[in-house]
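Comments concern the structure below.
The values are calculated or read from the model by the stated rules, or taken from the named source; none is laboratory data. Everything quoted here is computed from the prediction, not taken from an experiment. FYI the Cβ positions are ideal-geometry reconstructions off the backbone, even for glycines, and counts take in every protein chain you see.
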Amino acid sequence: MDLRNRRARGPAPSLLAAALAATLLVAGCSPVQPRQAVEDRPDVTDVLADGAELQQGGELAMGLSAEPDVLDPTTSSSLYTRYVMNTICEKLYDIDADNEIVPQLAADLPTVRRGGREVEIPLRDGIRFADGEDFDAAAVQQTLERHLTKDDSARSGEMGPVTDISTPDDRTVVLSYDEPFAPITASLADRAGMIMSPAALDELGDDFGQSPVCVGPFTFVERVPQTSITVEKDPLYYDADEVMLDEITYRIITDANIRAANLRAGEVQVIDTVSPQDISYLRRDDSLGTLQVGSLGYQGVTFNLGNTDGVGQPPGEIDTPLAQDPRLRQAFELSIDREALVNSVFNNEATPACSAISPDTPYATDASNACPEHDPEESLRLLEEAGVETPVEIEMTVSNTPDTLRLAQALQAMVREGGFDIEIAPVEYSTLLDQQDRGDFEALQLGWSGRIDPHGNLFGFVVSEQPDNVAGYSDPQVDELMTRAAQEEGTARRARTYGEAIDVLREDLPIVYLYRVTSLTAYSREVTNISTYADGVVRLGRAAYLADPDDVADAAGEGE
C-alpha cells in the first residue's frame with residue numbers, strides 16, 4: 001500500500017479539546033523563554049558509576065526508536081545513526097555535558113592562524129583502527145577529502161570552503177581556506193570528524209556503510225535490516241581497559257509503548273526517545289532511571305518550495321500557492337499555538353521553538369528568540385489577501401510513530417481555525433528520509449537533533465543547493481548572510497548576523513519551527529556510565545553492569 005494515500009482527518013474529540021485549550025491572548029511576537037525558565041526539572045545528562053564496582057563483560061540491548069540510515073559518516077543524515085556510530089566511530093572532537101568542545105582523536109583543540117584561514121589539528125599517537133591500520137594524518141586527510149568530494153556527501157557544507165588539506169607530518173593535519181570558517185571545530189565534533197579506516201575505504205568505497213571500520217570502543221558486527229545492529233568490544237581500542245561490555249545490540253523498536261514495556265521486562269536495558277505519555281510511570285519505577293536534557297535542535301514543518309530534482313540540485317518551479325506565496329506559510333504559522341501544542345501533546349516535556357537557534361546558547365538574540373503569537377484571525381486575513389480559497393488543503397508527510405501522529409493530529413485540529421485543512425500522510429521513518437531527499441512531499445514534519453554551532457542548524461538547510469536543503473529554498477540574501485556569519489570572528493558578531501538571516505527566513509518560512517524536544521532516555525539501574533547530551537546522542541561507549549546488586553538498590557534510593 002502506498003502510505004502517501006492514507007489520509008487521516010480529524011483527531012479524537014479529547015485531543016482536539018486539549019490542543020485548543022491553551023490560547024495566547026497577546027498579539028505580535030513574544031520571546032521564547034530559556035528552557036530552565038519554563039521547566040521545573042533540571043537536566044540530568046549522566047548516570048555514572050561513582051566508584052561502584054563494575055562487572056567485566058556482558059551484553060546490553062538498547063531499544064532504538066527508529067532504524068538508522070546507512071552507517072557512513074560521509075552520507076548519513078539520521079540521529080539514530082549517530083547513536084550507533086558513537087560507539088564505533090570516534091571523532092576528532094566531541095562535546096561534553098556542558099556543551100564544551102573537547103578533543104577525542106585530536107590531541108588538542110586546533111591552532112588557528114592567518115586570520116582564521118589556516119586550521120592546524122594535532123593528532124593523538126598510538127591509536128589503531130579496528131582493522132589494525134594505524135590512525136595517522138594520512139587517514140584523517142583521506143576521510144576529510146572524501147567528505148568534500150563524494151557526490152552524495154552530506155558533510156561538504158559542514159567542512160566549509162576548504163581549499164587544501166595537507167599533512168606536514170604523521171601527527172598533524174592542516175586545513176586551508178581562502179576565507180575564515182569559524183564553525184570548523186564544531187563540525188569536527190560531529191559526523192564530519194568521524195575518521196574512517198583507509199584500508200576499509202579503499203576496499204569498500206561507496207559500500208563502506210555496509211561494514212564500517214573506524215576507531216571506537218566497539219566495532220561493527222552485523223546489521224539485520226529493520227531489526228537490529230550489533231557491535232562488539234574492539235580489543236585494539238586505545239582505551240580497551242575502560243570498556244566493560246562485550247557486546248551492544250541496538251534493537252529497532254519504533255513503538256514507544258513497546259520500548260517502555262521491553263525496558264520494564266528486562267528485554268532491553270536502555271531506551272531512547274521515551275514518550276511523554278510513558279515518562280511519568282517510568283520515573284515511578286524504582287528499578288529504572290531516566291536522563292533528560294534539552295535539545296539544541298528543533299522539530300518543525302518544512303515546505304517544498306523548489307525541490308523538484310532532489311536535494312542539493314538547483315531549485316525548480318512548484319506551481320502551487322503554498323510554494324509560491326509566503327503569505328500562506330505565514331498564515332500557517334499564525335494558526336499554530338505552540339504553547340498549547342507542547343502542553344497537550346508532550347505534557348510540557350518540550351519547549352516552543354521559533355528558530356533554529358536555541359535560547360540556551362550564546363548565539364541567541366532577540367531576533368532568534370522572537371515568536372509570532374497564535375492569531376488565526378490574522379491567518380484568515382492573509383489567506384483572503386492572497387486570494388486563495390479556504391480551507392487551504394496541505395498534505396503533510398510524517399513518520400508513523402504514535403507520538404508523531406498525536407502531534408500531526410493536534411496540528412490538524414489547530415490550524416483548521418486559521419483556514420487550513422491538513423491531510424496526514426504517515427510513512428516509515430526511513431521512507432520519510434527518502435521522500436524528503438527526492439522532494440516527494442508538499443509539507444513534511446521532521447526535525448534536527450541540533451549542533452552547538454548555529455552553522456550546523458541553519459546553513460545546510462537554507463543555503464541554496466546545500467545537501468540538507470530539502471525545501472529547495474533559495475534566497476541570495478540568506479546565502480550571503482549565512483556565508484558571512486561563518487567567516488566572522490566573535491560570538492556576538494556572528495549571532496547578530498544569524499539574527500539578520502533569521503529575519504529574512506521569518507518572512508519566507510521554508511521551515512516553520514514548532515518546538516524543542518527534551519531528550520528522554522530511560523535505563524535499568526543495573527547499568528551505569530550512560531550519557532545523553534544536548535546533541536541528542538545516547539552514549540554507551542563506557543556503559544557497564546554494576547557488579548554488586550546492593551549498588552542497584554542504592555541507586556534506586558537516590559532517585560534521578
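For segment 284-299, the set of residues classified as more than 19 Å from T361 (Cα to Cα) and surrounded by 18 or more Cβ atoms within 10 Å (Cβ to Cβ) consists of L288, G289, T290, L291, listed by residue number. Residues that are assigned to a helix (DSSP H, G or I) and in contact with a Leu (Cβ under 7 Å, 6 or more places away or on another chain) were ranked within segment 470-485; the one that is nearest to T361 (Cα to Cα) is M482. Considering the conditions (1) in contact with a Phe, Trp or Tyr (Cβ under 8 Å, 6 or more places away or on another chain); (2) closer than 26 Å to R542 by Cα, V140 is excluded by exactly one of them, (1).
One residue stands out in segment 236-277 among those that are in contact with a strand residue (DSSP E or B) (Cβ under 6 Å, 6 or more places away or on another chain) and of a type in the set (D, E): the one that is surrounded by the most Cβ atoms within 10 Å (Cβ to Cβ), namely D272.
Total residues in segment 112-151 satisfying the condition of being of a type in the set (K, R) and either on the phi > 0 side of the Ramachandran plot or under 26 Å from the mean Cα position of the chain (by Cα) (or both): the figure is 3. Taking the criterion of being crowded, with 21+ Cβ neighbours inside 10 Å, of a type in the set (S, T, N, Q) and outside any helix (DSSP H, G or I), the residues of segment 390-436 that qualify are T397, S399. Scanning segment 371-404 for residues that are under 22 Å from the mean Cα position of the chain (by Cα) and either without any contact (Cβ under 8 Å) to a residue 60 or more places away in the chain or more than 20 Å from P321 (Cβ to Cβ) (or both) yields a total of 8.
From the list T74, T149, the one residue that fits, being of a type in the set (V, I, T) and closer than 27 Å to P235 by Cα, is T74.
For segment 302-324, the count of residues that are farther than 21 Å from A471 by Cβ and in contact (Cβ under 8 Å) with a residue 60 or more places away in the chain is zero.
Can you report the number of residues in segment 68-126 which are acidic (D, E) and at pLDDT below 95? The qualifying residues number 4. Within segment 211-221, the presence of a residue that is free of Cβ contacts under 8 Å to residues at least 24 places away in the same chain, surrounded by 17 or more Cβ atoms within 10 Å (Cβ to Cβ) and within 19 Å of A154 (Cα to Cα) is excluded. Among the residues of segment 486-514, those that are assigned to a helix (DSSP H, G or I), of a type in the set (A, V, I, L, M, F, W, C) and within 22 Å of I318 (Cβ to Cβ) comprise V504, L505. Pairs meeting the criteria (first residue in segment 87-101 and free of Cβ contacts under 8 Å to residues at least 12 places away in the same chain, second residue of a type in the set (S, T, N, Q) and in a strand (DSSP E or B), beta carbons under 6 Å, at least 6 apart or on different chains) are lacking. When the residues of segment 446-477 are filtered to those that are among the polar types (S, T, N, Q) and either buried (at least 23 other Cβ atoms within 10 Å of the Cβ) or closer than 26 Å to T185 by Cβ (or both), the one that is modelled with the lowest pLDDT is S449. Taking L509 as meeting all but one of (1) on the phi < 0 side of the Ramachandran plot; (2) in contact with a helix residue (DSSP H, G or I) (Cβ under 6 Å, 6 or more places away or on another chain), write down the number of the exception. Against the list (1) on the phi < 0 side of the Ramachandran plot; (2) in contact with a helix residue (DSSP H, G or I) (Cβ under 6 Å, 6 or more places away or on another chain), L509 comes up short only on (1). When segment 48-70 is limited to residues that are crowded, with 23+ Cβ neighbours inside 10 Å and among the hydrophobic types (A, V, I, L, M, F, W, C), the one that is farthest from the chain's Cα centre (by Cα) turns out to be L60. Filtering segment 437-459 to residues that are assigned to a loop (DSSP other than H, G, I, E, B) and under 12 Å from L296 (Cα atoms) leaves S449, G450, R451, I452, D453, P454. Against the criterion of being modelled with pLDDT of 95 or more, within 30 Å of I279 (Cβ to Cβ) and out of contact with any His (no Cβ under 6 Å at 6 or more places or on another chain), Y513 qualifies. When the residues of segment 492-514 are filtered to those that are buried (at least 23 other Cβ atoms within 10 Å of the Cβ) and of a type in the set (S, T, Y), the one that is farthest from L305 (Cα to Cα) is Y498. How many residues, within segment 465-498, are closer than 24 Å to S78 by Cβ and not acidic (D, E)? Going through segment 465-498 one residue at a time, the tally reaches 8. Out of the residues in segment 282-295 that are in contact (Cβ under 8 Å) with a residue 12 or more places away in the chain and out of contact with any strand residue (DSSP E or B) (no Cβ under 8 Å at 6 or more places or on another chain), state the one that is nearest to V47 (Cα to Cα). Result: D286.
For segment 86-95, the criterion of a residue being crowded, with 18+ Cβ neighbours inside 10 Å and over 20 Å from P212 (Cβ atoms) is satisfied by at least one position. The set of residues in segment 194-210 that are small (G, A, S), touching a residue at least 12 places away in the same chain (Cβ under 8 Å) and more than 21 Å from T249 (Cβ to Cβ) comprises S197, A199, A200.
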